[in-house]
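Here the structure comes first, spelled out in structure tokens, and everything after it is commentary.
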Amino acid sequence: MLRISVAVLALMPVLAFATTLKISTLYPDGTAVVKALKQAGDTIEQETDGRVSLKIYPGGVMGDDRAVQRKIRVGQLHGQMAQGGAFAGAYADSQILNVPLTFNNYAEVDAARAELDPLIQQGLEDNGWVSFGLVDGGFAYIMSANPVRSLDDLRDQKLWLPSGDSASANAADTLGLSPIVLNIGSVLTSLQTGAVNAFAAPPVAALTLQWYSRVDYVTDLPLLYTYGLLAIHKRHFDRLAEDDRAVVRRVLESAFDTIDRDSREQNKDAFQAVRNQGLELVKPSDEQRAEWKRYADKATNELVEEGELSRDMLDRLHRILEAHRDTAE
């Protein structure tokens, strides 16, 4: 009896410090991002001698962003891999790279990210979220059952908008849109039934989620740049031993460098891949593009006025782009 008690006591430190970090993501199982996260988890488990492991819940099985963050607050989950806007409630300026109709090409995105990525990550950590690097999400384009060239065309569509995204909701209001607000898991069914007939998303997402199969047109206007990231709530992360935290940071930062590079290449190819699926390209006129830009700038300024984005961060973005464009000329 004494021998068994001693054995149990000997195991207690190992059991007490074994932690499984439970991570939710909307990325479907089998995608490159989920595979990379699982591989990183295997490396972390090996390098911490089993003290830390990752459990990935793919495909949105844990619910939308709001549901996931509720579960993180109560400890049922510890983190999530999501679009940057999912963390705007903690750090509003995490949306700075999503400002509509701001970037003309990936070179401008890279110039902005070189300076702003570290600020976004530090801002998130200062507000309770430990992240490991941004992942390129590509440019979002309007895809629709009917051709959309102008804002008037878009106002006539049954446009999907993600639930819980206050910045997008404010922008839609500024643009005079009346969107259909749904969780991401309901979009394909709604496209199939006709409850929704238009959406704005990166082509790679439209391909992965099969949304492209229910629309016929893609508008040649990159509405905004998107990115994703994995963030673990600091309350859970700080419970790890210091050495284990260092391993998790190093392994995940390395993994996200690779995921970011690979995602960029996929996103560059995805626009043509959507075209190859039969979607017809719709080109707005110069006048229509100017109208889009006027309304986009108005929507951005309203975000600043309402405290959804800081003026300092927006001005910083504009300075970066002006300097880059001057050099590129």
Inside the stretch 81-125, the number of residues satisfying the requirement of being over 13 Å from the mean Cα position of the chain (by Cα) and not in a helix (DSSP H, G or I) is 10
Scanning the stretch 68-80 for residues that are touching a strand residue (DSSP E or B) at 6+ places or on another chain (Cβ under 9 Å) and in a helix (DSSP H, G or I), the one surrounded by the fewest Cβ atoms within 10 Å (Cβ to Cβ) turns out to be Arg73
Only unsatisfied item for Arg264, checking (1) of a type in the set (D, E, K, R); (2) within 30 Å of Leu37 (Cβ to Cβ); (3) touching a residue at least 24 places away in the same chain (Cβ under 8 Å); (4) surrounded by fewer than 14 Cβ atoms within 10 Å (Cβ to Cβ), is (4)
### Query
On the given criteria, is Ala195 among the hydrophobic types (A, V, I, L, M, F, W, C) and modelled with pLDDT of 90 or more?
yes
Counting only residues in the stretch 219-248 that are aliphatic (A, V, I, L, M) and under 20 Å from Gln266 (Cβ atoms), the one nearest to the chain's Cα centre (by Cα) is identified as Leu229
Check whether at least one residue in the stretch 320-327 is touching a Lys or Arg at 6+ places or on another chain (Cβ under 6 Å) and more than 24 Å from Val135 (Cα to Cα), and report yes or no.
no
* To do: Considering every residue within the stretch 39-59, establish whether at least one is part of a helix (DSSP H, G or I), touching a strand residue (DSSP E or B) at 6+ places or on another chain (Cβ under 6 Å), without any contact (Cβ under 8 Å) to a residue 12 or more places away in the chain and surrounded by fewer than 21 Cβ atoms within 10 Å (Cβ to Cβ).
  => yes
Just one listed residue, out of Thr219, Thr208, Thr226, Thr174, is out of contact with any strand residue (DSSP E or B) (no Cβ under 7 Å at 6 or more places or on another chain), within 24 Å of Arg275 (Cα to Cα) and hydroxyl-bearing (Ser, Thr, Tyr), and it is Thr208
Looking at the stretch 211-218, can you tell me whether even one residue there is basic (Lys, Arg) and over 22 Å from Thr31 (Cβ atoms)? no
Expected single match for touching a residue at least 12 places away in the same chain (Cβ under 8 Å) and crowded, with 21+ Cβ neighbours inside 10 Å among Ala140, Ala145 is Ala140
Reported set for the stretch 268-296 where residues are under 24 Å from the mean Cα position of the chain (by Cα) and either outside any helix (DSSP H, G or I) or in contact (Cβ under 8 Å) with a residue 12 or more places away in the chain (or both) is Lys268, Ala270, Phe271, Ala273, Val274, Arg275, Trp292, Lys293, Tyr295, Ala296
Listed by range, strands (runs of 3 or more DSSP E) wholly within the stretch 187-240 having at least 3 residues that are crowded, with 21+ Cβ neighbours inside 10 Å are 198-201, 224-233
(1) at pLDDT 95 or above; (2) under 28 Å from Arg294 (Cα atoms); (3) within 20 Å of the chain's Cα centre (by Cα) all hold for Asp216 apart from (3)
Please tell me if Leu175 is surrounded by fewer than 21 Cβ atoms within 10 Å (Cβ to Cβ) and modelled with pLDDT under 95. yes
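The values are calculated or read from the model by the stated rules, or taken from the named source; none is laboratory data. The model shown is predicted, which means the values in this text are computed figures rather than measured ones. Backbone-built Cβ (ideal geometry, glycine too); neighbour counts: all protein chains shown.
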